[in-house]
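Note sheet for the following structure.
Every read-out reported here was derived from the displayed coordinates using simple, explicitly stated rules and does not represent laboratory data. These numbers come from a predicted model, not from an experiment. Glycine gets a Cβ as well: all are built from the backbone with ideal geometry, and neighbour counts include every protein chain shown.
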């Protein structure tokens, strides 16, 4: 066996050069997080490595302009390269309110007309879940990049139909609206958790607590029924589908496993206003190797709001409002950087803040990150990832066919795999999370255990 | 154990066996002589162009896996991988035309963190908004010989390289390898000075001071093409 002394000098030099490159880019990563500070200290007027280029422009159409649709419009308005050129809703008042957010956009009351608009390159679908299949499949067929809100659908058949259409649309980007996948804090934590820093997985726990009726009022009974679709089993997959899908998805992403089964419980405790969707649910997802994920949701009490906790044999990790802390067992080995990290006390526990630049150098220089919330909302990061990935892919597809006029789609797919994309939930992630949410809701409603079948997740 | 073909030939009379072998050689000939002639178009798989550079802090590398273009050998030129030299040469020169196009935006940094920053620096430096492609036009192809059976053929190339709107005459060695299924692969590398193409070597501020890229870069490539039927 060779030892390091056997390495030729050139290899060792290459290794050192590569190592210094990695160190530099790690610093560049830190500087992204403190871009404002770096910009102030820059003495050279030239390009800085903190200067993130604007992505190629992608023209957006937004379909579905209720509360969330308008939030999407406000978020896209923050991005230089994401002009909203078309909006669509069949409800006039929603359209008029949306027009204030996107005054330059063409208005359509039929999504098919919006999809026929050649100026629209990408669509965001924010309509009620039951309509996603028809619109998403048509949008992909029309050659539009698609961002489809989560859950993808309220039936497994519909979710599969969307996923199948997305898989076949090789030239296009399809992103499921599982925002956490694109959040920089999740991106930072994923390799940390997967590296085994917490030891062997023991269990995961999460909650989503809010005191809110979810009830909406409207000028007409028909409109009111439409706005309150979340309150009825016939038009909603309940708390677990409407909100829980995001935490269910991120926990599965961290655990890197698909659950084997889910058991649920549900009650309607506070909001007895004619709804039949429970206002409180508890579920237990069983993962391989005896690891369970306990998840509870309620609209009746806001205590501790929302967070996720991962317990390992060496440490626990809590993620809350896109900040994370690690709580180490006294017997766990030191990783080395902990003394330089921020520490916060939670009752009798001390949490070690997990941020990107916890290093001795930054501590000594006084440049360690303050533990501030991220600059943007999770929706912003998700839409930004969609914008960047769609723009990059459109350029690559064009380059591919200019270089290989007779190129085949399977070769294009291989080429596209080499692109460095922003983290985002693809059709597979969307399908998996949707199936988990649908079945968890079913388990909660029937208060039974449901074993996940492989075929539900596969096309 | 004898191969079935040898066994069958042994059962024939000598004259018949010779005739059969001749016929077999004739049939196998085109396969054994599999080589290059005619026009070849760029193929999606098996191509990459790499740009390697230096800086005051570290070496860097960028890569594209999309190379467009063609090479066309003149009448009579055949690269038979079993022969010591290509056929159809005149004073070791092979009549050939080639044009290569690489989209600047398809060249991406290989760093793990924020590759788009380096991509952006390079696109700006190469004036991608005005000159979106790097192009090379072949003007001369000279066989360097001799060729060892089964190995690539080595040539010297001469041509015109256009980067960022500036065209310069260049020459560099290239190896042409005959692959299966009518494909060939051209491999080589060429040193390039950025300033020769009006490109100011990027000197971004990295917060701790300037990181100045070196003027010299190396462009290396593996370009796979397939015979046009």
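The table that follows gives values for the structure above.
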{"quantity": "Peptide B:38-49 - average C-beta neighbours from other chains (10 Å radius)", "calculated": "3"}
{"quantity": "At R0 = 41 Å, FRET efficiency that the Cβ-Cβ distance of residue A:305 and residue A:168 yields, to 0.05", "calculated": "0.55"}
{"quantity": "Value of D in µm² per second that Stokes-Einstein yields for segment B:35-227, Kirkwood Rh from Cα pairs, at 25 °C (0.890 mPa s)", "calculated": "139"}
{"quantity": "Span from the segment A:71-98 Cα centroid across to the segment A:252-278 one, whole angstrom", "calculated": "32"}
{"quantity": "For residues of A:417-429, the mean tally of beta carbons on other chains within 10 Å", "calculated": "2"}
{"quantity": "Packing-based ranking, highest mean first, of A:224-232, B:215-223, A:58-66, A:447-455 given that Cβ atoms within 10 Å are counted", "calculated": "A:58-66, B:215-223, A:224-232, A:447-455"}
{"quantity": "Order of A:214, A:456, B:60 - criterion: other Cβ atoms within 10 Å of each residue's Cβ, fewest first", "calculated": "A:456, A:214, B:60"}
{"quantity": "Where a label projected 7 Å from the Cα of residue B:85 along Cα→Cβ would reach, residues of segment B:121-150 with amide N under 20 Å", "calculated": "B:140-150"}
{"quantity": "Rounded FRET efficiency, nearest 0.05, which uses the C-beta distance separating residue B:210 from residue A:90 and R0 of 56 Å", "calculated": "0.50"}
{"quantity": "Proxy reagent accessibility, fewest Cβ within 10 Å first, across A:310, A:340, A:347", "calculated": "A:347, A:340, A:310"}
{"quantity": "Share antiparallel - DSSP beta bridges, segment A:197-316, percent rounded to 5", "calculated": "75"}
{"quantity": "Order by protection proxy (mean Cβ within 10 Å, highest first), peptides A:73-83, B:105-115", "calculated": "B:105-115, A:73-83"}
{"quantity": "Peptide B:50-63 - average C-beta neighbours from other chains (10 Å radius)", "calculated": "2"}
{"quantity": "Segments A:126-138, A:272-284, A:385-397 sorted - mean Cβ within 10 Å per residue, highest first", "calculated": "A:385-397, A:126-138, A:272-284"}
